[in-house]
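Take a look at the structure set out below.
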């Protein structure tokens with residue numbers, strides 16, 4: 001054992017097994033995992049430093065956070081994950097009802113093999129006696145099933161963890177890197193905007209404002225109880241990496257208590273949005289228990305069936321629906337243009353009656369687009385032609401029946 005080491009532990013799965021389990025991560029997702037690990041440790045700031053060589057290529061990356069660090073007694077649980085099988089871990093399938101604890105079972109700490117040959121953690125933590133200890137953990141990409149740990153030393157450094165990745169094996173394109181981080185963390189930084197969470201790259205805060213197409217802050221007040229809800233609505237230019245359109249419920253201390261998809265999530269219309277709701281109502285809220293409308297639990301506070309919460313959901317649904325309407329009009333305009341360019345419409349003569357039939361057909365296609373945008377997703381020219389001719393062949397009564405069914 002090398003001098004200064006106190007342990008060399010094995011992870012309970014082979015190195016090849018780990019690579020197989022994490023094969024769905026690309027190098028950008030892998031780097032994001034280390035940033036998430038910092039926020040999981042209650043960090044408010046994560047600093048990324050890209051060290052470049054004389055050819056302007058990145059050969060070392062440091063990711064530092066001001067979280068609570070990794071206590072030595074917790075190390076085995078953090079770095080010795082156990083999988084019941086070697087089934088791949090998919091970053092797209094992580095169902096959560098809050099945004100806390102993104103990482104799980106040390107998964108994120110082993111993804112570095114996608115972009116570097118080794119990772120070294122320098123972590124500093126408080127031991128409960130107002131003393132701070134610091135030590136290092138070292139893992140090589142060719143031996144992911146083993147990690148080396150140094151002896152802890154007392155220190156006066158601030159708590160937190162810095163991970164250094166050496167011998168970078170991926171070519172970093174700065175624009176792609178920043179764009180990915182914006183899509184990965186933009187919604188999360190907005191969630192914690194009042195707490196001033198930040199991600200800095202080479203000292204510069206991550207700027208994701210180009211992703212914000214529309215932002216509005218306002219207030220709802222429940223008439224009967226006078227419960228106040230502070231709302232921030234954001235429409236995004238692009239889809240977030242692994243986060244759908246959701247409602248985020250925040251208590252009076254600015255802590256997220258729950259999140260759930262909006263009623264307009266995943267409709268196939270590229271209407272990407274996030275809604276952040278802050279209220280004292282969520283200080284003591286029973287998210288699991290459903291009661292009769294109007295009743296409240298004295299033990300757990302309000303519930304999903306309380307009048308104030310139902311009022312909130314109804315008002316939000318109306319608000320988002322109104323925000324979506326002009327977006328759907330633009331979408332239907334684009335669909336009509338695409339159909340025309342693909343020559344999908346039937347041939348019409350130049351007389352007024354034919355022009356009216358063309359307008360009726362376009363109106364029917366617009367109405368279908370508003371009702372079910374997914375129908376028009378990824379249609380090839382032939383499919384557009386079939387749909388346009390089918391809509392033209394059926395009469396107005398059949399079209400009304402179709403719209404009613406949707």
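None of 379, 331 is in a loop (DSSP other than H, G, I, E, B) and within 28 Å of the chain's Cα centre (by Cα) except 379. Filter the stretch 168-181 down to the residues that are in a helix (DSSP H, G or I) and touching a strand residue (DSSP E or B) at 6+ places or on another chain (Cβ under 9 Å), then identify the one that is surrounded by the fewest Cβ atoms within 10 Å (Cβ to Cβ). So, considering only residues that are in a helix (DSSP H, G or I) and touching a strand residue (DSSP E or B) at 6+ places or on another chain (Cβ under 9 Å), the one surrounded by the fewest Cβ atoms within 10 Å (Cβ to Cβ) is 174. Within the stretch 182-207, being part of a loop (DSSP other than H, G, I, E, B) and farther than 17 Å from residue 36 by Cα holds for 202, 203, 207.
Residues checked against (1) out of contact with any helix residue (DSSP H, G or I) (no Cβ under 9 Å at 6 or more places or on another chain); (2) at pLDDT below 85:
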| site | (1), (2) |
| --- | --- |
| 95 | yes, yes |
| 102 | no, yes |
| 117 | yes, no |
| 121 | no, no |
| 125 | no, no |
| 132 | yes, no |
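For the stretch 144-157, a residue qualifies if it is buried (at least 17 other Cβ atoms within 10 Å of the Cβ) and more than 13 Å from residue 75 (Cβ to Cβ), and the qualifying residues are 144, 145. Selection of the stretch 282-302 for residues being more than 19 Å from residue 229 (Cα to Cα) and at pLDDT 65 or above yields only 288.
So that you can scan it fast, the table gives a plain yes or no per residue for (1) at pLDDT 90 or above; (2) assigned by TED's automatic domain parsing to the domain that holds residue 229; (3) closer than 30 Å to residue 262 by Cα:
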{"position": "304", "(1), (2), (3)": "yes, yes, yes"}
{"position": "309", "(1), (2), (3)": "yes, yes, yes"}
{"position": "355", "(1), (2), (3)": "no, no, no"}
{"position": "361", "(1), (2), (3)": "no, no, no"}
{"position": "365", "(1), (2), (3)": "no, no, yes"}
{"position": "400", "(1), (2), (3)": "no, no, yes"}
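Can we say residue 163 is buried (at least 19 other Cβ atoms within 10 Å of the Cβ), at pLDDT below 75 and not in a helix (DSSP H, G or I)? Against the criterion (buried (at least 19 other Cβ atoms within 10 Å of the Cβ), at pLDDT below 75 and not in a helix (DSSP H, G or I)), residue 163 does not qualify.
The values are calculated or read from the model by the stated rules, or taken from the named source; none is laboratory data. Note that this is a predicted model, so its numbers are computed, not measured. Neighbour counts are summed over all protein chains in view; Cβ atoms, including those assigned to glycine, are modelled from backbone coordinates with ideal geometry.
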